[in-house]
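A short write-up of the structure that comes next.
Computed from the coordinates by the stated procedures, all read-outs in this text should not be read as laboratory data. Being a predicted model, the structure only gives us computed values, none of them experimental. Neighbour counts are summed over all protein chains in view; Cβ atoms, including those assigned to glycine, are modelled from backbone coordinates with ideal geometry.
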Amino acid sequence: MEITLLNTPSPSTVEDNQDILFIIDDNDLNSVESSLTRGGSMFNNLISIKTKKDHRNKISSMYSDKDFDSYSKQIRDNFIYLKIKMNGYNKICLPENGFGRGLKNNSPKLYKYLSDLLRHNLWFDNDKSIIINRIPSFNEMVKATKVDISNYQPIKNELIKHKKSIGITNEEEYEIGDVLKLIRKDVNEELIVVVNINSYNIDDIDIDDYNLLEGYTKSNNGKFQCLFEYIGSIDGGVIKYADDRLNRTDDNIKHINRNDTIEVKPIEVEIIESGSGVGFDRDPSLDVITKKIRPNTFKILSILTETDITSILEVSNMEYLILDTKYFYRVKDYEIIDKIDMIEFDVVETLGKVFLYIKERVLDQDRVISMEISHISKSELLNFLNGE
């Protein structure tokens, strides 16, 4: 989704950009929307989020926390309709001054509720007026609440992955921000979603809207529907994100050409015999895990002369994993294949295979990548990652 921040748009701006959905801050009397249409017909690409009773800035014009249940339901229904409307657009425009600022001091509970909806549905930080889209961490995905959707038709998975279905119905109630892992008994693939609208009774929504949000697939039981954002899928330990920029493609992995390293001078290394392996006169010291150092290791070191290497692990002939004080490297045939700014990691052993999951920062977003590590045990890999 492409997002633009703008002050209240002019009528001509809305009319001339039919491919953009303009979302404005308004009131129950539609004062702002009416001023844009100037009493004429409504724009199809204009929708409002209502945050007060009328256009005035008086206390009496504000929604009140005293009536939180009724006003929060009104705001929630506003966002449900907004999600249906957004389904036909790839671009949206939001007011750079935010939404419902008058609620912050007068009705803080409603303001927080509104701000949570904005963050999880429009990726908008209402306090800072910035776009922010947080991806769940690997730990959050692993610990996500499992929800069995086997009672849906098998096509449900594909509809969710293509964002044609953004809701499920069951007997449980979920809250905004909950990370769910949707599973089926007949497939290995697990779908990771984040709830962006609290569960509500299906009697509270129009049947046509309900069917549209479900992708015209219906659960055979349940009375609560929750809406969510699809994050990605996990299959065989491999994570594939809905946002393809976060997946491991040639476009977003930095490959360092062999020619880039030709002029790098080898470092002077003094070998020190020690009982625990081979040490080097560097700080921090270099530990080679479980493998005796071989001559070609020194050529690897010549590639990384500008780094403070903390450990090296030889995973196969001519292939190494290397850690320094900042980056994780994968080197093969003396060429750096991956250079990852590692934030955190986890190692999982399943069905006799060892998988390494790494969280890194890409395009101002966190992403988790996975790789299968062959010929190395889980304990060896953990020792390497912990610099032991």
_Alpha carbon centroid spacing (whole Å) that separates segment 17-67 from segment 202-230_ = 27
*Pairs K52/K109; K73/K164; K73/K223; K143/K163: which are spaced more than 19 Å apart, C-alpha to C-alpha?*
K73/K164; K143/K163
*Working from the alpha-carbon coordinates of segment 18-172, get Rg over Rh, Rh being the Kirkwood radius.*
1.01
*Which residues in segment 2-26 have a backbone N closer than 20 Å to a point placed 7 Å from the Cα of M42 along the Cα-to-Cβ line?*
8-26
*asked:* Going by amide H atoms built from the backbone, whose H comes under 5 Å of the H on I135, apart from near neighbours?
replied: D366
*From the phi of every residue in segment 345-351, what ³J(HN,Hα) in whole Hz does the Karplus formula 6.51 cos²θ - 1.76 cosθ + 1.60 yield, where θ is phi - 60° and glycine or proline is x?*
9, 8, 10, 10, 10, 9, 6
*Could you order peptides 25-36, 192-203 by the average number of other Cβ atoms within 10 Å of their residues, highest first?*
192-203, 25-36
*asked:* With a cap of 10 neighbouring Cβ atoms within 10 Å, and only residues DSSP puts in a loop, list the trypsin sites (Lys or Arg not before Pro) found in segment 144-219.
replied: K185
*Can you list the lysines whose alpha carbon sits under 28 Å from that of K332, skipping same-chain ones fewer than 8 residues off?*
K240, K254, K265, K291, K292, K299, K353, K359, K378
*asked:* Shape verdict for segment 125-233, please, from the Cα gyration tensor: rounded (a/c under 1.5), prolate (a/b greater than b/c) or oblate.
replied: oblate
*HN-Hα J couplings of segment 15-20 from phi, Karplus 6.51/-1.76/1.60, θ = phi - 60°, integer Hz, Gly and Pro as x?*
5, 7, 10, 5, 8, 10
*Neighbouring Cβ atoms within 10 Å as the yardstick, rank C93, C226 fewest first.*
C93, C226
*How large is ³J(HN,Hα) for each residue in segment 160-168, as worked out from phi by the Karplus curve 6.51 cos²θ - 1.76 cosθ + 1.60 (θ = phi - 60°), to whole Hz, x for Gly and Pro?*
5, 5, 9, 6, 9, 10, 10, x, 9
*Calculated P(r) of segment 196-242 - Cα pairs past 16 Å, %*: 50
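Once you have the Cα-Cα distance between S61 and S379, take 0.36 nm times their residue separation minus that, and quote the gain in nm to one decimal. Write down the numbers at each step before the final one.
On the way: separation 318, 0.36 × 318 = 114.48 nm, distance 6.30 nm.
This chain segment gains 108.2 nm when fully extended.
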*asked:* Under the rule of at least 5 residues apart or a separate chain, name every residue whose amide H is placed under 5 Å from the amide H of Q153.
replied: K218
*Stokes-Einstein at 20 °C, 1.002 mPa s, Kirkwood radius from Cα pairs: D for segment 92-153 in µm² s⁻¹?*
154
_Can you pull out the GluC sites (Glu not before Pro) in segment 312-347 whose DSSP state is coil and whose Cβ has at most 13 other Cβ atoms within 10 Å?_
none
